[in-house]
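Okay, so here's the structure we're looking at.
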Amino acid sequence: MDDKNYHQLFEALFRYTLSEKEAYYHGKGKSVASGRLLKCAEVLRVSVEHGASKLKRKTFLAVIDHITDILPHSDDGLVPPLVSNYIKALTTLLGHGANVETLATHTSEGWFTCVDFIVEAISQYVDDAVPDMSVSRASPAPSASGSMTHATLTTRSRNAPKRNNTNDQSPRGHLLRLMECLSSLVAAPNAPLLQRTKDISSVALQVLQLRYLKLSQLQQLAFVVINAVLAVAQTDDTAQASSLAVECLPLIIYWWQVKTAVKDALLNVFRTEMLKVLYNIHLQLEFLTRQDIEAPLFEDIENLSEVLWNEYSKRDDRAQLQQDDLTYVVDYESINPFRIQSFSLRSYNVEGERQWAVVQTLAMLEAILWKRSKTLHPNPTSNENNEYPRKKQRKDTGSSRLRHKLRSVDRPTQFTALQMIPFFVSDVDITAEEIRDVLPILIGLVTNKNSKLSTWAMIACARLV
């Protein structure tokens, strides 16, 4: 079949579906109409699966318009007999990158239609969740805030998502497919994301604020969407990027600590997306902490740093950055994001990239805390400051957190601190006095019988002096 044949098929199918939808809501044989609608939706799904890559712009837009027009209904939110197969069909259509780019051409009307529909649908499913399942800020994740106003899907579904139901016919299955659609829409290089950053990021955050959902691809897709928004907002809408940075921190604290039995591959991908978010927002976080506007933000950064310290320190050796992962011949002419002044990551080392990213992110968070502390408690220069003991003045400034970690009786914590030092000093201007505070600790660890500690202590010493 070519595009012309598909267009004729879809036109006939659309007319029949519209008439059966009318019978379903206003006729006498609702059960009969329901069965027919279910068959119509199945035919559409199968047709789309076979022809998604063959459809031309006109036919493709006609299918999009039909799905987004017929699926909403004031009585049910989304028409029950149609919802499952229609969402699957939409997922298949948007799964082809060329189709999404087609939506975003000309005035991007098709792209906006899809985004608005999907945002509304996701928001509806999230709003239907059991209220006490949402994450409270004290937990330590943020409160579920920012409920969206619905333009068309005004009536909530009567069926809230079930906690243990993972079937793709369930609301949770629909929510996952809708997030797949949204991630496909934001991935298009020509997508006019800037005009919908607030709506898109809002529903992604709402998904992450639901604790009843176990860790799965759903949360990973939410962070994928947030990263796409940040890529645009951090340069073109700094206010939105800063707001998103503040909202993401407690969510990352919560989801990084979630105990899960999922496969390592999914967990690695999920944490990679969170690390990308942290890398994308670290400049916003540093700027906001310098403004001294919100103490809770500073606490969130400190809490997140402790979460990463604890999780990384307890990993097996193979899950931490190893000497074999590194090369000390640094090519400064090449473009390599996994590089600092002392060493770089060996090329094509995917596993090493994950470990490097955790240590580098931890160093960035500690650098933000260090700079904030220096701003709030500068070194004493005036007479009125000199009336306090010098050691007491330095207690909460400079590299005190790092010294505390290096002096820990817990060897894994010491090891993490030693690994972090080369990354940390690459991001801050550490003073000679602070080097003198840390250097004796490092020299003491150089002679440690633990070869891991002694090796990284020598690397840290070389980086400081």
Quiz item: Counting only protein chains, not ligands or nucleic acids, how are 436, 354, 346, 271 ordered by accessible area (probe 1.4 Å), most first?
Solution: 436, 346, 354, 271
Practice problem: Would you work out what percent of the accessible area of the range 1-132, with all protein chains in place, is carbon or sulfur (probe 1.4 Å)? | Solution: 52 percent
Practice problem: Quick one: grab the alpha carbon gyration tensor of the range 261-364, order the square roots of its eigenvalues as a ≥ b ≥ c, and give me rounded if a/c is under 1.5, else prolate or oblate depending on whether a/b is larger than b/c. | Solution: oblate
Practice problem: Any chance you could look up the accessible area of residue 1 with a 1.4 Å probe, heavy atoms only, rounded to 10 Å²? | Solution: 130 Å²
Self-check item: Alpha carbon Rg of the range 209-304, scaled by the compact-globule rule 2.2 N^0.38 Å
Solution: 1.10
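Could you check how many percent of all C-alpha pairs in the range 282-327 are farther apart than 12 Å?
Values: 728 of 1035 pairs.
Tail of P(r) above 12 Å: 70 percent of Cα pairs.
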Quiz item: Can you give the accessible area of residue 401, probe radius 1.4 Å, in Å² rounded to 10?
Solution: 60 Å²
Exercise. Just read off the accessible area of residue 32 with the full protein assembly in place, 1.4 Å probe, to the nearest 10 Å².
Key: 80 Å²
Quiz item: Where does the range 332-374 land on the Kirkwood hydrodynamic radius, alpha-carbon pairs, in angstrom?
Solution: 11.7 Å
Exercise. Please say if the range 400-465 is rounded, prolate or oblate, where rounded means a/c under 1.5 for a ≥ b ≥ c the square roots of the C-alpha gyration tensor eigenvalues, and otherwise the choice is prolate for a/b larger than b/c and oblate otherwise?
Key: prolate
Practice problem: In nm, give the distance between the simple-model label positions of residue 302 and residue 259, each being 7 Å from the Cα along the Cα-to-Cβ direction. | Solution: 2.8 nm
Quiz item: What ratio of Cα Rg to 2.2 N^0.38 Å holds for the range 17-136?
Solution: 1.16
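The values are calculated or read from the model by the stated rules, or taken from the named source; none is laboratory data. None of the values given here were measured: they were computed from a predicted structure. In this analysis, Cβ positions are derived from the backbone assuming ideal geometry, glycine residues included, and neighbour counts consider all displayed protein chains. Heavy atoms of the whole protein, side chains included, go into the accessibility calculation; ligands, DNA and RNA do not. Shrake-Rupley method; radii C 1.70, N 1.55, O 1.52, S 1.80 Å.
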